[in-house]
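Submitted below is the structure of interest, expressed as structure tokens.
The values are calculated or read from the model by the stated rules, or taken from the named source; none is laboratory data. Computed from a prediction, not measured in an experiment: that's the story for all the values here. In this analysis, Cβ positions are derived from the backbone assuming ideal geometry, glycine residues included, and neighbour counts consider all displayed protein chains.
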Amino acid sequence: IRKSYHGFHPAPWYLCCRSLSGAGTLRWKDYDRPKEFNFASDVLDYWTQMEQEGKRGPNPALWWVNNQGDEVKWSFREMTDLSRRAANVFTQTCGLQQGDRLALILPRVPEWWLVVIGCIRAGIIFMPGTTQMKAKDILYRLQVSKAQGIMTTDTLAPEVDSLVSECPALKTKLLVSDHSRHGWLDFRSLIKSASPDHTCIKSKTLDPMAIFFTSGTTGLPKMTKHSHGLALRSSLPSCRKFLQLKTSDVLWCISDPGWILAVLGCLFEPWTSGSTLFIHHLPQFDPKVIQQTLFKYPITLCLAVPAVYRMILQQISTSLRFPALEHCITGGEALPPEEQEEWRRRTGVLLSEIYGQSETGISCGTLRGMKIKPGSMGTSIPPFDIQIIDEKGNILPLNTEGNIGIRIKPTKPMGLFMCYEDNPVKTAEVECGDFYNTGDRATMDEEGYIWFLGRNDDIISSSGYRIGPTEVENALAEHPAVAESAVVGSPDPIRKEVVKAFIVLTPEFLSHDQDQLTQELQQHVKSVTAPYKYPRKVEFVSELPKTITGKIKRSELRKKEFGQM
Ligand code: ATP
Ligand code: MG
């Protein structure tokens with residue numbers, strides 16, 4: 001079965017490269033290191049000018065919709081105007097200064113984009129966070145970051161008020177709401193009255209721009225600090241080849257606004273190319289709404305975590321033909337080849353995989369038009385140079401398991417994080433010879449394609465074999481009984497560890513005999529991958545433990561297993 005996935009071979013990217021738009025934002029080369037860069041003045045305002053000169057079509061820059069039929073369409077001109085107002089609100093009304101930090105905990109409301117660009121104009125370091133956070137998550141983030149400001153909505157404002165006394169650095173609370181709240185500044189009315197005249201700071205490319213908290217899959221979230229270079233990276237030729245966006249494209253990135261992928265996929269990527277950014281408010285994750293949205297609007301590209309595509313496929317059994325959709329991208333978690341192939345079969349649209357971290361942004365991927373090798377995360381995207389390395393930073397031979405390393409010496413590439421804020425020990429720990437060690441395990445093949453095996457801590461060591469959970473999970477995903485699975489090591493007196501699979505069953509298999517199903521699944525894994533990888537233990541569960549960004553917490557399952565010893 002596995003072989004047949006390799007059945008489709010689109011031409012390599014250089015044969016089907018489309019003419020890319022945005023000469024003005026294409027003035028940098030892959031390894032350029034301009035001293036100054038600011039996304040607002042160098043990119044956004046460039047497109048505003050193009051719009052004014054009639055050199056960009058009539059499509060909006062931002063197109064926002066919700067389930068109630070509301071719609072917001074802003075041109076680049078309006079984005080420039082409104083984000084300048086936002087910058088003035090921050091510096092004049094709130095008294096925030098260049099280098100101050102603003103925690104940004106908003107759902108997908110249009111204001112999110114004004115705030116991010118407003119912060120970039122004023123040099124305020126923005127720190128996105130998901131609205132799924134609870135009071136203790138917010139408290140942790142405000143305390144470790146010593147944020148001077150916070151912006152959120154009615155839903156979380158009471159939570160913030162309950163913990164504000166424990167955050168001495170916090171001096172400004174901004175509310176995005178149609179109502180006012182005591183002790184909070186009303187952002188919507190402030191924007192209306194603020195001046196649209198603002199002079200953008202002249203930021204150095206390597207000045208800090210944003211702090212992203214990691215997902216906390218393996219412990220407390222870490223603060224990864226990024227410079228303006230992260231935004232510049234989207235303008236570099238190799239990165240432009242990744243999505244090959246034109247001004248007529250409409251990109252929908254369904255990432256939570258609290259994650260680095262949102263800042264890239266919902267902002268830097270589309271606007272660098274002068275494309276339209278599409279947003280659905282999507283307060284709850286609903287595959288039906290996502291599917292209807294792809295039908296209703298002329299969305300040409302869609303970017304989302306694998307779970308989004310998986311849920312659409314599971315909920316809708318018919319074939320899916322979306323009128324405008326040309327290409328889909330996924331990342332953040334491993335994408336089982338089975339799902340990748342099923343998406344292509346049912347929609348006629350290719351689904352390509354990217355890999356990245358809060359520390360790195362998008363590090364590798366299958367560029368648009370490049371041959372897709374199902375199960376692989378594609379090749380490194382310059383200026384990143386990815387190599388598979390050992391614990392000392394030596395480059396390993398091809399097809400050998402090791403750590404995914406990104407070269408940082410002699411020069412750190414544009415777009416890689418500056419450091420873990422306030423944590424020089426952790427920052428030094430991830431430096432490994434000439435490389436930054438991602439802590440993820442993979443192999444690289446002859447064509448430079450990278451094959452993910454698992455996080456370092458998730459690799460299972462059984463009777464001398466090293467087994468990556470992803471390979472086993474991918475094999476399980478091929479079986480119709482498996483909706484989702486997580487594979488971890490479980491203690492064993494003889495083998496030290498054995499492979500254990502936690503499996504969520506698809507509805508049709510819930511009533512099946514579980515012992516028989518266990519045997520069937522074990523047999524299935526043995527038949528599609530090296531037999532030593534098969535799960536000797538299987539447990540059926542109703543759900544898997546996940547982080548607030550929806551990633552499987554294998555470490556929690558592993559702890560449970562070892563706690564039982
Ligand atoms: P923490 O560092 O706090 O434990 P985290 O690593 O999950 O959390 P993120 O920076 O949000 O936080 O996630 C990056 C990680 O996500 C990568 O290191 C990798 O393990 C995983 N990941 C990203 N893309 C892919 C992919 N395409 N396939 C498999 N795993 C991926
Ligand atoms: Mg991490």
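Search region 216-238 for residues that are touching a residue at least 24 places away in the same chain (Cβ under 8 Å) and pair each with any residue that is in a loop (DSSP other than H, G, I, E, B) and near ligand 2 (Cβ under 9 Å from one of its atoms) when their beta-carbon atoms are under 7 Å apart and the residues are at least 6 apart or on different chains.
Close Cβ pairs satisfying both conditions: P221/T214; P221/S215; K222/T214; T224/T214; T224/S358; T224/E359.
Being within 16 Å of ligand 2 (Cβ to nearest atom), of a type in the set (D, E) and surrounded by fewer than 19 Cβ atoms within 10 Å (Cβ to Cβ) is the filter here; which residues of region 436-463 pass it? Working first, answer last.
From region 436-463, those within 16 Å of ligand 2 (Cβ to nearest atom) are 436-442, 452-459; that's our starting set.
Keeping just the survivors that are of a type in the set (D, E) gives 440, 457-458.
Across region 436-463, the qualifying residue is only D457.
Which one is farthest from N456 (Cα to Cα), of the residues in region 220-235 that are within 14 Å of ligand 1 (Cβ to nearest atom) and basic (K, R)? Break it down stepwise before answering.
Within region 220-235, the first condition is being within 14 Å of ligand 1 (Cβ to nearest atom), and the residues that meet it are 220-226, 230.
Checking which are basic (K, R) leaves us with 222, 225.
Values: K222: 17, K225: 23 Å.
The residue in question is K225.
Inside region 376-398, can you point out the residues that are in a loop (DSSP other than H, G, I, E, B) and surrounded by fewer than 21 Cβ atoms within 10 Å (Cβ to Cβ)? Spell out how you get there, then give the answer.
We begin by selecting, within region 376-398, every residue in a loop (DSSP other than H, G, I, E, B); these are 376-378, 381-385, 390-394, 396-398.
Of everything in region 376-398, those that are in a loop (DSSP other than H, G, I, E, B) and surrounded by fewer than 21 Cβ atoms within 10 Å (Cβ to Cβ) turn out to be P382, D385, D390, E391, K392, G393, N394, L396, P397, L398.
Moving on to the next point. For G375, all conditions in the list (1) touching a strand residue (DSSP E or B) at 6+ places or on another chain (Cβ under 7 Å); (2) at pLDDT below 95; (3) more than 21 Å from N474 (Cβ to Cβ) hold save one; what is the number of the exception?
Exception for G375: condition (3).
Looking at the structure I just gave you, is T217 within 16 Å of ligand 1 (Cβ to nearest atom) and polar (S, T, N, Q)? Full working, then the answer.
Values: within 16 Å of ligand 1 (Cβ to nearest atom): yes; polar (S, T, N, Q): yes.
For T217, the condition - within 16 Å of ligand 1 (Cβ to nearest atom) and polar (S, T, N, Q) - is met.
Mind listing whichever residues of region 467-496 are part of a loop (DSSP other than H, G, I, E, B) and either more than 13 Å from E339 (Cβ to Cβ) or out of contact with any Pro (no Cβ under 9 Å at 6 or more places or on another chain) (or both)?
Within region 467-496, G468, H479, P480, A481, P493, I494, R495 qualify.
Of everything in region 245-259 that's in contact with a helix residue (DSSP H, G or I) (Cβ under 8 Å, 6 or more places away or on another chain) and not aromatic (F, W, Y), which residue is surrounded by the fewest Cβ atoms within 10 Å (Cβ to Cβ)? Before the answer, list the steps.
Residues of region 245-259 that are in contact with a helix residue (DSSP H, G or I) (Cβ under 8 Å, 6 or more places away or on another chain), as a first pass: 245, 249, 251-257.
Next, only the ones that are not aromatic (F, W, Y) stay: 245, 249, 251, 253-257.
Numbers: L245: 26, D249: 25, L251: 24, C253: 22, I254: 22, S255: 22, D256: 20, P257: 24.
Taking the candidates together, the pick is D256.
Is it true that some residue in region 185-200 is of a type in the set (S, T, N, Q), crowded, with 20+ Cβ neighbours inside 10 Å and away from ligand 2 (no atom under 16 Å from the Cβ)? I'd like the intermediate steps shown before the answer.
As a first pass, look at region 185-200 and keep what is of a type in the set (S, T, N, Q): 189, 193, 195, 199.
If we keep only those that are crowded, with 20+ Cβ neighbours inside 10 Å as well, we get none.
No - not one qualifying residue is present in region 185-200.
Right, something else. Would you mind finding the one in S227, S234, S238 that is buried (at least 24 other Cβ atoms within 10 Å of the Cβ) and either of a type in the set (S, T, N, Q) or more than 16 Å from ligand 2 (Cβ to nearest atom) (or both)? Spell out how you get there, then give the answer.
Numbers: S227 fails: buried (at least 24 other Cβ atoms within 10 Å of the Cβ); S238 fails: buried (at least 24 other Cβ atoms within 10 Å of the Cβ).
After ruling out the rest, the residue left standing is S234.
May I pose another question? Does G356 meet the test of being surrounded by fewer than 24 Cβ atoms within 10 Å (Cβ to Cβ) and either more than 9 Å from ligand 1 (Cβ to nearest atom) or over 20 Å from the mean Cα position of the chain (by Cα) (or both)?
Working: surrounded by fewer than 24 Cβ atoms within 10 Å (Cβ to Cβ): yes; either more than 9 Å from ligand 1 (Cβ to nearest atom) or over 20 Å from the mean Cα position of the chain (by Cα) (or both): no.
It is false that G356 is surrounded by fewer than 24 Cβ atoms within 10 Å (Cβ to Cβ) and either more than 9 Å from ligand 1 (Cβ to nearest atom) or over 20 Å from the mean Cα position of the chain (by Cα) (or both).
Also: One residue is enough: does region 537-559 have a residue meeting the conditions part of a helix (DSSP H, G or I), out of contact with any Phe, Trp or Tyr (no Cβ under 9 Å at 6 or more places or on another chain) and of a type in the set (S, T, Y)?
Taking every residue of region 537-559 in turn, at least one turns out to be part of a helix (DSSP H, G or I), out of contact with any Phe, Trp or Tyr (no Cβ under 9 Å at 6 or more places or on another chain) and of a type in the set (S, T, Y).
When you go through (1) polar (S, T, N, Q); (2) more than 13 Å from ligand 1 (Cβ to nearest atom); (3) touching a residue at least 40 places away in the same chain (Cβ under 8 Å) one by one for T427, which number turns out not to apply?
(3)
Could you tell me whether I459 is under 24 Å from the mean Cα position of the chain (by Cα) and closer than 23 Å to E333 by Cα? Don't jump to the end; show me each part of the working.
Values: under 24 Å from the mean Cα position of the chain (by Cα): yes; closer than 23 Å to E333 by Cα: yes.
Against the criterion (under 24 Å from the mean Cα position of the chain (by Cα) and closer than 23 Å to E333 by Cα), I459 qualifies.
Yes or no, residue by residue, for (1) at pLDDT 95 or above; (2) under 23 Å from W259 (Cβ atoms):
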site: V89; (1), (2): yes, no
site: Q92; (1), (2): yes, no
site: V109; (1), (2): yes, yes
site: M127; (1), (2): yes, yes
site: Q132; (1), (2): no, yes
site: K136; (1), (2): no, yes
site: L175; (1), (2): yes, yes
site: F187; (1), (2): yes, yes
site: L190; (1), (2): yes, no
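Inside region 523-565, can you point out the residues that are more than 17 Å from I459 (Cβ to Cβ) and polar (S, T, N, Q)?
If the condition is that a residue be more than 17 Å from I459 (Cβ to Cβ) and polar (S, T, N, Q), then Q523, S527, S542, T547, T549, Q564 are the ones that fit.
Within region 419-477, which residues are of a type in the set (S, T, Y) and on the phi < 0 side of the Ramachandran plot?
From region 419-477, those of a type in the set (S, T, Y) are 420, 427, 436, 438, 443, 449, 461-463, 465, 470; that's our starting set.
Answer for region 419-477, where residues must be of a type in the set (S, T, Y) and on the phi < 0 side of the Ramachandran plot: Y420, T427, Y436, T438, T443, Y449, S461, S462, Y465, T470.
Please find, among K55, K146, K136, the residue that is free of Cβ contacts under 8 Å to residues at least 12 places away in the same chain and under 28 Å from D422 (Cα atoms).
Values: K55 fails: under 28 Å from D422 (Cα atoms); K146 fails: free of Cβ contacts under 8 Å to residues at least 12 places away in the same chain.
Just one listed residue meets the conditions, K136.
Now, a different point. Count, please, the residues in region 36-71 that happen to be crowded, with 17+ Cβ neighbours inside 10 Å and in a helix (DSSP H, G or I).
Total satisfying the criteria: 12.
Here are some residues: I316, I354, I362, I329. Which one is over 21 Å from L230 (Cα atoms) and of a type in the set (V, I, T)? Please lay out each step first, then the result.
Details: I354 fails: over 21 Å from L230 (Cα atoms); I362 fails: over 21 Å from L230 (Cα atoms); I329 fails: over 21 Å from L230 (Cα atoms).
Going through I316, I354, I362, I329 in turn, the sole match is I316.
Tell me which residues, restricted to region 189-214, are within 16 Å of ligand 1 (Cβ to nearest atom) and closer than 16 Å to R101 by Cα. Steps first, please.
Applying the first criterion (within 16 Å of ligand 1 (Cβ to nearest atom)) to region 189-214 yields 210-214.
Passing the criteria: A210, I211, F212, F213.
Within region 497-512, identify whether any single residue is assigned to a helix (DSSP H, G or I), touching a residue at least 12 places away in the same chain (Cβ under 8 Å) and among the small types (G, A, S), and answer yes or no.
No.
Let me ask something else about it. Tally the residues that are of a type outside the set (V, I, T), more than 9 Å from ligand 1 (Cβ to nearest atom) and in contact with a Phe, Trp or Tyr (Cβ under 9 Å, 6 or more places away or on another chain), restricting the search to region 326-341. So that I can check it myself, show each step before the final result.
Let us first name the residues in region 326-341 that are of a type outside the set (V, I, T), namely 326-328, 331-341.
From the residues that got through so far, the ones that are more than 9 Å from ligand 1 (Cβ to nearest atom) too are 326-328, 336-341.
Narrowing the set further to residues that are in contact with a Phe, Trp or Tyr (Cβ under 9 Å, 6 or more places away or on another chain) leaves 328, 337-341.
Residues flagged as of a type outside the set (V, I, T), more than 9 Å from ligand 1 (Cβ to nearest atom) and in contact with a Phe, Trp or Tyr (Cβ under 9 Å, 6 or more places away or on another chain) within region 326-341 amount to 6.
Being at pLDDT 95 or above and within 15 Å of ligand 1 (Cβ to nearest atom) is the filter here; which residues of region 474-491 pass it?
Result: S485, A486, V487, V488.
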